[in-house]
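One structure is given here, and the rest of the page talks about it.
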Amino acid sequence: MTHRAATLAATALIAGLAGLPGSAEAQSAPPARDAASIWTILGENASISSAKTTDRYYTNGLRIGWTSPEGAVPDVIDHVGRLLWGKGEQRISVDISQQMYTPQNTASRTLVPGDRPYAGTLIAHGTLLQDERNMRSLLGVGIGVMGPASLAADVQNGFHDLIGQKHDNGWSTQLKNEPVLQFTSERTWRLAMGKLGALETDALPDLTAEFGTLRMFAQTGARIRIGQGLESDYGPARLRPGQTGSDAYNPTVPLAWYVFAGADGRAVARDGTLQGNLYQASPSVPKTGFVGEIEAGAAVMYKGIRLSYVHVLETNEFKHQKGGLHQFGSVNLGARF
């Protein structure tokens, strides 16, 4: 063995024992943290799913949010996550959302007995998110208002003016101003189901619990996906109480995409948008104890952009609800920076 060969052999041995770059230990090191932050805008509307632009029930939802890079979490929040979930990569997200609800009869200026009351919410959310292997955990708090202060009536009728559509006439009867405080806990698992040629398949079962002054419910469901780069996210985001994969994503291939179908069931203890104000007299209708959803859609991720669409069919939320399954569409656009 030459002197040069012996030197190279000794260097390789030392590197292997010390775990220096190039060793087996270094090659199996966990991937670097995702340094990108994510901006998201999401819109849901009953008119998206139909050629007939009709307002009824859950009419519209809007959300704008920001998600931090991995590891960019204040120490006190990081400690809470570690106590709850142990090891994993953490992010925080903040967003603000507005949702509006109308009765089936939007021409009447007075309350129609048995029809859903007008209601609007405006809520700011803060969420801690942790990923570990193929599991995502979320813990969130929302603070906001239900009632005229949500500006739901102004936004809806202002938009109707813009597109030349008639106003919904009964907003003067909407639920009264009331503070909203909500807490949410959720866990989603990503279960690989093998390949179909070049295509990957997986399942995303989840469990969610939410309680507060506006809503109290427990929810479970699952999505089945087929596509490429499925480890890039945990499914598309939606506004709650819908099933959501959250705003965080990190593409694992240059072009990631999938189509999916799913279903979920929600056991409802309280829904303030139906049952009315918590602390004062208001319009109300009796809720149903269980709400089911069926959904299908697609998502694509390219050059840091994620675009998704979800079509939702929802069972009755209140007793004597008319019109069969309620349908709406959800469009989500995310951008990494």
Could you identify the single residue in R240, R225, R187 that is surrounded by fewer than 20 Cβ atoms within 10 Å (Cβ to Cβ) and either within 14 Å of the chain's Cα centre (by Cα) or of a type in the set (K, R) (or both)?
R187
Looking only at the stretch 116-158, filter to residues that are of a type in the set (V, I, T) and touching a helix residue (DSSP H, G or I) at 6+ places or on another chain (Cβ under 9 Å); which one of those is surrounded by the fewest Cβ atoms within 10 Å (Cβ to Cβ)?
I123
Would you point out which residue out of G71, G65 is surrounded by 16 or more Cβ atoms within 10 Å (Cβ to Cβ) and either touching a Cys at 6+ places or on another chain (Cβ under 7 Å) or at pLDDT 95 or above (or both)?
G65
What are the pairs with Cβ atoms under 7 angstrom where one residue, in the stretch 159-172, is farther than 15 Å from N45 by Cα and the other, located anywhere, is aliphatic (A, V, I, L, M)? Sequence gap at least six, or different chains.
N169/A107; W171/A153
Which of the following residues is under 20 Å from the mean Cα position of the chain (by Cα) and among the charged types (D, E, K, R): D168, D131, D115?
D131
For the stretch 242-301, which residues satisfy the criterion of being without any contact (Cβ under 8 Å) to a residue 24 or more places away in the chain and not polar (S, T, N, Q)?
A281, G289
Quick check: is even one residue across the stretch 91-114 in contact with a helix residue (DSSP H, G or I) (Cβ under 9 Å, 6 or more places away or on another chain), surrounded by 14 or more Cβ atoms within 10 Å (Cβ to Cβ) and of a type in the set (F, W, Y)?
yes
Expected single match for touching a residue at least 40 places away in the same chain (Cβ under 8 Å) and either within 19 Å of T273 (Cβ to Cβ) or not in a strand (DSSP E or B) (or both) among T59, T54, T40 is T59
Of the conditions (1) under 30 Å from W189 (Cβ atoms); (2) outside any strand (DSSP E or B); (3) touching a Pro at 6+ places or on another chain (Cβ under 9 Å); (4) not polar (S, T, N, Q), L175 clears all except one; give me its number.
(1)
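A quick yes/no check of all residues on (1) modelled with pLDDT under 95; (2) over 15 Å from the mean Cα position of the chain (by Cα); (3) among the β-branched types (V, I, T); (4) surrounded by fewer than 16 Cβ atoms within 10 Å (Cβ to Cβ):
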residue	(1), (2), (3), (4)
P179	no, yes, no, yes
L199	no, yes, no, yes
A203	no, yes, no, yes
F211	no, yes, no, no
L214	no, yes, no, no
Q219	no, no, no, no
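The values are calculated or read from the model by the stated rules, or taken from the named source; none is laboratory data. All values reported here derive from a predicted model rather than from experimental measurement. Cβ atoms come from the backbone with ideal geometry, glycine included; neighbour counts cover every protein chain shown.
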